[in-house]
Amino acid sequence: MRRFQFEYNNERTFIRELDKLKMWVKRQMVHGLLFHIFCETVDKERIKTVCDYLEKYFPDADYVGCTTNGNIVSGDKGQSDICVSCTMLEYPDTQFKVLQLPLEENSLEVGQRLKKYIEENPWVKAVELLTTINGISMTKFCESFTECRKDVCIFGGGAFSPDINANDGFVFSKGHNISTQGVILLMMGGEDFHMVTMHITGWKPLGREFTVTKAKDSRLYELDGQPAYDVYYKYFHINNDENFFENSLEFPIFYKHHGIDILRAPTSSNEDGSLNMTSAVDENVSAKLAYGDPEVIIDSVKEESLLVAKFQPDVIDVFSCAARLVYWGANDVGRETMPFETIAPTLGFFTSGEFLRTEEYVNQHNVTLVIAAMREGDIDEDREVYHMLSEEEKSGKINMIKRLTTFINAVTSEMEEANRKLAIAAISDALTGLLNRGEIQRRISRAVRENAQTDMKISLIMMDLDDFKKVNDSYGHKEGDNVLIGLANVLRNTLNDYDIAGDIGRWGGEEFMVLLPDISKEKAHEIAEKLLENLVSIDFPLAGHQTMSLGVTEYINGEDVDILTMRVDGALYEAKARGKNCVVMR
């Protein structure tokens, strides 16, 4: 079994990779091909392009895929939003078979269909699940696999979205439509096929025990007879607002389920103090809050990777919770996934839930790393197992006080970063990243107030895209957004070229405002002409070259802010009246 991985950046480089892969396959004894397509995007057209090319170049190969919160490429966080992995079978007895089924709330049909297929096909040794979750309880889904043959490994991950707060993940496979409520069952096996699975947490219980006094399905109502949310506010001061998910993600509920340690992360809080969880929480069980300990995580990875290395896998599948990506950050998450890449080529993604069968039960995990290692053929008893450890891993454990200090510092830093992002979001335009109208107005007013003490010049440039409605009507709002973003970039880059620290805001729709402190209107007019020139030079994919009209003015000592903005607005509309694509100064 071999595996090749590459990221999709554009059609040209993708075709080049497929050409190389096709030539390699022709020279080898390959008995089957399977592609995984993991997509940190919900752009269905881009995904369809990838699928179409795979069907063209490898018409006999199957493919499966889903949306993700991030892709795992060569043991680390992928850089592109689409990752393609090709797994090649080298033994003629090894088989893959793909089923895609609809998924309904509390449906038992998936497990029944799988059980029947396994009974009819004794070659099946493992099943990989790619499933949507999208807010539904997966309890019945997991229970539906209980009656499947006990020696069959079942593992996988829940499709997610690049936006951790969104519920728009989907799955897809060859010959089937994209499904926002579906599951892919990838059966694999054969006489020469071998697999081992495991899960890793590294999250540790923290503080006192609570009793789950009220819970139903995926809703946790009470801990110790009090609203469950109160615990998160009391111990972590996390507010019951739209940011609850991101702030609480790293502090899951820890308890035993089917005899193993399980983590359950809250996804949102409700007005009554109940919590919506990633999966069902058992009632009348003891539970604790948990936190991630970096040293314990690394130790757990080291221990399990040694076991994987002894298995001598050909390839490894990794399903890691999106919470772990949030915990480590994109630059450091490879600390826990890269060790497996040193053993065998990996594929995987950051999930909305991880699935793994332990004994007869399939459990939905959260904040967990699920590993599935597989190979064709027997272990080479003469092969020495090497497992290289970094100097950091060799250094041993640090004392508990330092561990807790590291944890507290990490949480504090993350909360500060979350607050910083919230503060930025409150004053920013969501599409362009520029200041929103309220903030640019506030800064103009502040500049006018400061002018009374400093007598500093203040100039404004106001602009409006010409005939922008035609862009949206002709090419769609996506292309319209591209034009707005393009103009925002022109504004930023042009001011950078002039080395001017001005303020740029989206005034509304296709109107933008630039505040230029300590700049005369003559200099502002020069900058406006350059802005016009730089915009016209852009050739947008569908909309082509675009123009805009601009007004320029300078603050007159003692005048009202409203008069200032009305004057620059008047200059802008005079530019429109003159035939557009020009600058008027008043």
Quiz item: From the list THR132, THR213, THR146, which one is under 19 Å from PHE319 (Cα atoms) and hydroxyl-bearing (Ser, Thr, Tyr)?
Solution: THR132
Exercise. Give segment 175-189 a look and list any residue that's in contact with a strand residue (DSSP E or B) (Cβ under 7 Å, 6 or more places away or on another chain) and surrounded by fewer than 19 Cβ atoms within 10 Å (Cβ to Cβ), or say none.
Key: HIS176, ILE178, GLN181
Exercise. State all residues of segment 271-288 that are under 17 Å from ASN239 (Cβ atoms), touching a residue at least 40 places away in the same chain (Cβ under 8 Å) and either over 25 Å from the mean Cα position of the chain (by Cα) or in a loop (DSSP other than H, G, I, E, B) (or both); if no residue qualifies, say none.
Key: ASP272, GLY273, SER274
Quiz prompt | Selected residue (criterion: farthest from ASN472 (Cα to Cα)) from residues of segment 500-530 that are touching an Asp or Glu at 6+ places or on another chain (Cβ under 6 Å) and in a strand (DSSP E or B) | solution = LEU515
Quiz item: Residues of segment 6-48 being within 11 Å of ILE82 (Cα to Cα), among the polar types (S, T, N, Q) and touching a residue at least 12 places away in the same chain (Cβ under 8 Å), which ones?
Solution: ASN9, THR41
Exercise. Out of LYS56, LYS44, report the one residue that is under 26 Å from ALA322 (Cβ atoms) and surrounded by fewer than 17 Cβ atoms within 10 Å (Cβ to Cβ).
Key: LYS44
Quiz item: When both residues are 6+ apart or on different chains and their Cβ atoms are under 9 Å apart, which pairs have a first residue that lies in segment 560-572 and is assigned by TED's automatic domain parsing to the domain that holds GLU511, and a second that is small (Gly, Ala, Ser) and surrounded by fewer than 20 Cβ atoms within 10 Å (Cβ to Cβ)?
Solution: VAL561/SER445
Exercise. Pairs only if they're at least six apart or on different chains, beta carbon under 9 angstrom, first in segment 248-260 and in the same structural domain as SER274 (by TED's automatic domain parsing), second surrounded by fewer than 21 Cβ atoms within 10 Å (Cβ to Cβ) and of a type in the set (Lys, Arg); list them, first residue then second.
Key: ILE253/LYS288; PHE254/LYS204; PHE254/LYS288; TYR255/LYS288
Practice problem: Output the residue which, of all residues in segment 206-264 that are outside any loop (DSSP other than H, G, I, E, B) and β-branched (Val, Ile, Thr), is farthest from VAL326 (Cα to Cα). | Solution: THR213
Self-check item: Residue satisfying all of: in segment 565-584; hydrophobic (A, V, I, L, M, F, W, C) and loosely packed, with under 14 Cβ neighbours inside 10 Å; farthest from ARG446 (Cα to Cα) among these
Solution: ALA577
Quiz item: How many residues are polar (S, T, N, Q), in a loop (DSSP other than H, G, I, E, B) and touching a residue at least 60 places away in the same chain (Cβ under 8 Å) when one looks only at segment 531-551?
Solution: 2
Self-check item: Residue in segment 190-200 that is over 17 Å from GLY353 (Cβ atoms), touching a residue at least 12 places away in the same chain (Cβ under 8 Å), assigned to a strand (DSSP E or B) and among the hydroxyl-bearing types (Ser, Thr, Tyr) present
Solution: no
Quiz item: Inside segment 451-498, can you point out the residues that are acidic (Asp, Glu), in contact with a strand residue (DSSP E or B) (Cβ under 8 Å, 6 or more places away or on another chain) and either surrounded by fewer than 14 Cβ atoms within 10 Å (Cβ to Cβ) or not in a strand (DSSP E or B) (or both)?
Solution: ASP466, GLU479
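The values are calculated or read from the model by the stated rules, or taken from the named source; none is laboratory data. These numbers were taken from a predicted model, which means no experiment stands behind them. FYI the Cβ positions are ideal-geometry reconstructions off the backbone, even for glycines, and counts take in every protein chain you see.
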